[in-house]
Each structure stands twice: as C-alpha cells, then as structure tokens.
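The values are calculated or read from the model by the stated rules, or taken from the named source; none is laboratory data. Remember, predicted model here, so these are calculated numbers, not experimental data. Cβ placement follows ideal geometry from the backbone for every residue including glycine, while neighbour counts extend to all protein chains displayed.
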C-alpha cells in the first residue's frame, strides 16, 4: 500500500480548489486540515470537501497537524512569509502558488529556507502540466520548427499575475533556457493595484535567452490575451494555446493541428509532487523555475527604472516598481486607488490591506490562473 501524505491548505479562495482537485486525483495525498482567517471561506471550503480540521491561523495548523505537505494558496504578499514559516516546520514538500514572490529578495529567502530545512519547494505554475504545452515542448526539442528564434506572447492584469505564466511558458516550451538580458518599459498613470500590490497599467518586455531565442511580451497593449503564444523558428512556426498546438514547417505541407490529450494539469502537478517526495522524479515546478519567471519581471521593472538593458542576474533585491513609485518616478495622473481583484473580497471591504490568508485567484473564466 502506498504511503499517504497528510496535506494542509493555507488560504481557501478559488485557486485552492485546483490544489484540492490535484490531491483528490492522487491517492497518495489526503487533505486533513485547512486555514483561513475568514470564517466564510473556511466554512465554504471545509463543508464542500468534508475537511473537519479548520484553523484561523496557519502556523497553529502546521504546529498541530504533523503535515507532510503544505499548499500555500494565499495572495502574493504572503507567499514568502508563509513559505518560510512552513519550511521551519519541516514538511516533506511545499506547493506555493505563483508568482513565487513579489521581489528577488523574497524568492531567495524562500529557497534558502527550503534548503536549510531540507524541504522540497515547488511553485504552482500548473500549466507546465498542460498536455498541449508539454507537446509543444517535446516538438521543439525534437527540432519541429528548427532553432527557435522568436517567441511572442500577450498578457494582461499585471506582470506578476497573468504575465508570470507567459514568461514561464516561454521557458517551459523551450526546455527552460536561462534569461541573459531584459529590456522593457512600463506605464503607470493610475493608482492601480492587483491583490494589494501596486502594478503597472501596461508594459512591454523583451528577453534574450541563452539558446539564442528572443521573447517578447505585450501587456494590455494587444487585444489578444490568452495563455500561450507564437514561436518562430528556422524551419517553421507554432501557435500554442491551452487547447491545441498548430504547427507548420517545411515537411508538413500545411498547418497541422494537435489537440490536447492527457492528464488534467492539477492532477499531473500533484502526481509529480508525490513522485518527487519519493525520489522517483524531479518536479517541473521546482522553485528555481518559479524564481526565473519573477526575475524576468523584475528585470523589466529594473530596465524601466534604470533606462538600460538589464543583464542577468537582477541585482536589486527589492521590487524596482516599488522603488520607482516611492521615488516619485511614476506619478499618478488619474488619482484614486483601485484594485482589479476587489471583487474577490468578502464582506464590506473594497481594498486588500491585511487580508491574511484570504483567497488567491479570481472565479469564473480565469479560475485556471494559478
């Protein structure tokens, strides 16, 4: 009989349901406890899945429940402190939502805490387990479009949120090349927030990778917004989304459509987590990949701040966009704070301060954004 790993979930918002879906799809996991300071969130999630152990405080849950795995499904600001707190309790593994953190200093602290406590840390860029994205990765590795020269993606809703998936997409489908340099710029004329983090109105970024490819991302600048992108190679091109790959090259004689076939990404993520714990495989969401996506984003901010091409690694440990705002380099011309995730808040609150371990992702059509 397989070992069953005890799981605790921190944060009971909509993304926590995807974590739960994964654990329910892998018999080696059992979710035994949850925590969220919001009573309604605890009740809704606990009642839906029959979880009796419910805590307002995540640290109390981790101290009492002897957890093997901790899922961190909170808003971005809490990823680092809760990951570090979880590492101190030494579970076997932690699955933390994306983005890994809100600056490079926090990313590095998370990885240090995991190493010194011998904890396996994965970041939940679950689209790495999407069968279409993996098919695209394998095709490119086999030379289906020759050497990749250019990757183009469009995004929205902030670089750290939606666009972290896009930079992860670029790396994943090309077998995770290292970013070498970044050039970018941002606009922030309104007092825009995303889950209590100050974000840009729009941005553009260009990334040079060590495989010779150049990636381009346009955020809030292009009408097409989807998870995926276009890859142009020396012998063909590929159009990738979450449902299918379209491929054309010198041998195909036209467009070939390759639909999605395979395991649900949330389940695949959980299966590989169990295998990683047992030493059977690596995990494609291992923390260094989550860190790489954040570093590209911080590189765009740093390029905007310093007006130069930023060579990797990014050497500023704080968030360059926060530094620009505090220095008055991004003055708000249309005053009035607003949060594009205000609809996630429960009760009377319209702003995200002091949210504790509240929900992480928006419901409805973007419920897969984790």
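Being crowded, with 24+ Cβ neighbours inside 10 Å and closer than 30 Å to residue 335 by Cβ narrows it down to one of 215, 205, so name that one. Quick ask: steps written out before the conclusion?
Details: 215 fails: closer than 30 Å to residue 335 by Cβ.
Going through 215, 205 in turn, just one is crowded, with 24+ Cβ neighbours inside 10 Å and closer than 30 Å to residue 335 by Cβ: 205.
Any residue at all in the range 2-14 that's closer than 20 Å to residue 341 by Cβ, part of a helix (DSSP H, G or I) and at pLDDT below 95?
Yes, there is a match, as at least one residue in the range 2-14 is closer than 20 Å to residue 341 by Cβ, part of a helix (DSSP H, G or I) and at pLDDT below 95.
If I ask for residues that are under 24 Å from residue 151 (Cβ atoms) and assigned to a loop (DSSP other than H, G, I, E, B), which ones from the range 119-139 would you list?
Within the range 119-139, 125, 130 qualify.
Would you say residue 56 is buried (at least 23 other Cβ atoms within 10 Å of the Cβ) and in contact with a helix residue (DSSP H, G or I) (Cβ under 9 Å, 6 or more places away or on another chain)? Write out each step before concluding.
On the way: buried (at least 23 other Cβ atoms within 10 Å of the Cβ): no; in contact with a helix residue (DSSP H, G or I) (Cβ under 9 Å, 6 or more places away or on another chain): yes.
Judged against the criteria, residue 56 is not a match.
Checking the conditions here, which among 122, 144, 178 is touching a residue at least 60 places away in the same chain (Cβ under 8 Å) and out of contact with any helix residue (DSSP H, G or I) (no Cβ under 8 Å at 6 or more places or on another chain)? Step through it out loud before you land on a result.
Numbers: 122 fails: out of contact with any helix residue (DSSP H, G or I) (no Cβ under 8 Å at 6 or more places or on another chain); 178 fails: out of contact with any helix residue (DSSP H, G or I) (no Cβ under 8 Å at 6 or more places or on another chain).
Answer to the check: 144.
Going by the structure shown, is residue 163 crowded, with 21+ Cβ neighbours inside 10 Å and assigned to a helix (DSSP H, G or I)? Can you show your working first?
Values: crowded, with 21+ Cβ neighbours inside 10 Å: yes; assigned to a helix (DSSP H, G or I): yes.
Taking the combined requirement at face value, the residue satisfies it.
May I ask you to list the residues in the range 50-85 that are touching a residue at least 60 places away in the same chain (Cβ under 8 Å) and part of a helix (DSSP H, G or I)? Step through it out loud before you land on a result.
Start the filter on the range 50-85 by keeping residues that are touching a residue at least 60 places away in the same chain (Cβ under 8 Å), which leaves 58, 66-78, 82.
Result: 58, 76, 77, 78, 82.
For residue 44, are the conditions met, namely being out of contact with any strand residue (DSSP E or B) (no Cβ under 8 Å at 6 or more places or on another chain) and under 20 Å from residue 164 (Cα atoms)? Break it down stepwise before answering.
Details: out of contact with any strand residue (DSSP E or B) (no Cβ under 8 Å at 6 or more places or on another chain): yes; under 20 Å from residue 164 (Cα atoms): no.
For residue 44, the condition - out of contact with any strand residue (DSSP E or B) (no Cβ under 8 Å at 6 or more places or on another chain) and under 20 Å from residue 164 (Cα atoms) - is not met.
What is the residue count in the range 321-370 for residues that are buried (at least 19 other Cβ atoms within 10 Å of the Cβ) and modelled with pLDDT under 95?
We begin by selecting, within the range 321-370, every residue buried (at least 19 other Cβ atoms within 10 Å of the Cβ); these are 321, 324, 330, 339, 341, 344, 352, 355, 357-362, 369-370.
The next check asks that each one be modelled with pLDDT under 95; those that pass are 339, 341, 344, 352, 355, 357-362, 369-370.
Counting residues in the range 321-370 that are buried (at least 19 other Cβ atoms within 10 Å of the Cβ) and modelled with pLDDT under 95 gives 13.
Restricting attention to the range 120-151, which residues are farther than 24 Å from residue 237 by Cβ and touching a strand residue (DSSP E or B) at 6+ places or on another chain (Cβ under 6 Å)?
Across the range 120-151, the qualifying residues are 120, 121, 122, 123, 124.
Keeping to the range 86-118, report how many residues are surrounded by 23 or more Cβ atoms within 10 Å (Cβ to Cβ), in contact with a strand residue (DSSP E or B) (Cβ under 8 Å, 6 or more places away or on another chain) and not in a loop (DSSP other than H, G, I, E, B).
7
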